Amino acid sequence: MVGIGRREFITLLGGAPAVWPLAAKAQQRAVPVIGYLYAGPPEPTSHLVAAFRKGLGQTGFVEGRDVAIEYLWGDAEFNRLRELAAELVRRRVTVMAIPNGLAALAAKTTTRTIPIIFYTGADPVRVGLVGSLDQPGGNVTGISSMNTELGGKRLGLLYEMLRQRAERFGLLTVSGPVRPELQAAATAIRRPLDVFVAGNSREIDTAFASMAQKRVDGLLVDANIPFINHRAQLSALAAHHRLPAIYPWRESAEAGGLMSYGTNLPDLFRQVGIYTGRILKGEKPAEVPVMQPTKSELVINLPTARALGIEVPPTLLAIADEVIE
């Protein structure tokens, strides 16, 4: 839903004034307007919106003072993303900040002139967001964590955690089939990898029931929007089914998941804010290289490991960036 209620939600979370009055003031004062489009709902990602604002602030732009922000939310209804991006074009925003690859691709089809700053976990060249990382070309640039491409590494870490206990692994994703790097990782450890597709809360419940029937011993959660939004549900279901799982984001380990491996999501959203500020200051997206963070974090939740009867190998404890006690 795109309505006043959602804008008021952001107001309550971060102290931002209501959007429409801000937009009116922006026109009067010639303040630039950022169109912020996120593919999911606002509620689970308030800390990420705050990180985006922090990045903007680091470039000298404070919401309500130097810039106005129009927030639109896709609520994981991915078929509406192009419609929402077109709405931002109609509102004549100065720049679009779109911390999601699918939404950024949708926005790219709606405008060739309004700058688009994205965050994606995929390879932005492979999915068609930019022509190259160093010289993006056109009106699009942003941040790529390659988090989606780390699935093979995550599977290896989960196998090491479980050692000889796991005979069959599962992949929870929004679409199949298994990507080549994941299939290669499964082949390397000589274990089958079953795919379970889910995009909402009901489908996640069904997927876990199917995992139980197939006697899956370890779960790899893919880097998809619904799974960051439903991280509490995922950790609760994994605990209920006594299913060890590894996630792409530390937020999932903090919510009770066994372990996570990936880039720091709040910092990536902060970088989207910084890039947005740079464009507002006059840099051209075509000439701003896509940023690729090089560090990934391994987080291990010890209480969850104990509840599952898992003794964490010293080799993993030694390389963990954080161990939740």
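Okay, here's what the table says:
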| item | result |
| --- | --- |
| Qualifying residue in region 240-248 (condition: within 20 Å of the chain's Cα centre (by Cα), of a type in the set (Gly, Ala, Ser), under 22 Å from LEU102 (Cα atoms) and surrounded by 19 or more Cβ atoms within 10 Å (Cβ to Cβ)) | no |
| Cβ-Cβ under 7 Å pairs, at least 6 apart or on other chains, region 251-276 side farther than 24 Å from LEU302 by Cβ, far side of a type in the set (Phe, Trp, Tyr) and in a helix (DSSP H, G or I) | PHE269/PHE52; ARG270/PHE52; VAL272/PHE52; GLY273/PHE52 |
| Some residue of region 193-208 being of a type outside the set (A, V, I, L, M, F, W, C), in contact with an Asp or Glu (Cβ under 9 Å, 6 or more places away or on another chain) and under 30 Å from LYS108 (Cα atoms) | no |
| Candidates GLY199, GLY218, GLY262, GLY273 - the one that is over 13 Å from the mean Cα position of the chain (by Cα) and either closer than 21 Å to SER145 by Cα or polar (S, T, N, Q) (or both) | GLY273 |
| Matching option when the condition is at pLDDT 90 or above and surrounded by fewer than 22 Cβ atoms within 10 Å (Cβ to Cβ), among PRO21, PRO32, PRO17, PRO44 | PRO32 |
| Residues within region 101-153 that are of a type in the set (S, T, N, Q) and surrounded by fewer than 16 Cβ atoms within 10 Å (Cβ to Cβ), tallied | 4 |
| Single condition ALA238 does not satisfy, out of (1) in the same structural domain as PRO136 (by TED's automatic domain parsing); (2) in a helix (DSSP H, G or I) | (1) |
| Matching entry among GLU287, GLU325 (being without any contact (Cβ under 8 Å) to a residue 24 or more places away in the chain and either under 23 Å from GLY57 (Cβ atoms) or over 18 Å from the mean Cα position of the chain (by Cα) (or both)) | GLU325 |
| Residues within region 278-308 that are modelled with pLDDT under 95 and loosely packed, with under 12 Cβ neighbours inside 10 Å, tallied | 2 |
| Scope region 154-168; condition closer than 18 Å to ASP222 by Cα, of a type in the set (Lys, Arg) and surrounded by fewer than 18 Cβ atoms within 10 Å (Cβ to Cβ); matching residues | ARG168 |
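The values are calculated or read from the model by the stated rules, or taken from the named source; none is laboratory data. Keep in mind it's a predicted model, so treat the numbers as computed, not measured. So basically every Cβ, Gly included, is an ideal-geometry build from the backbone, and we count neighbours across all protein chains shown.
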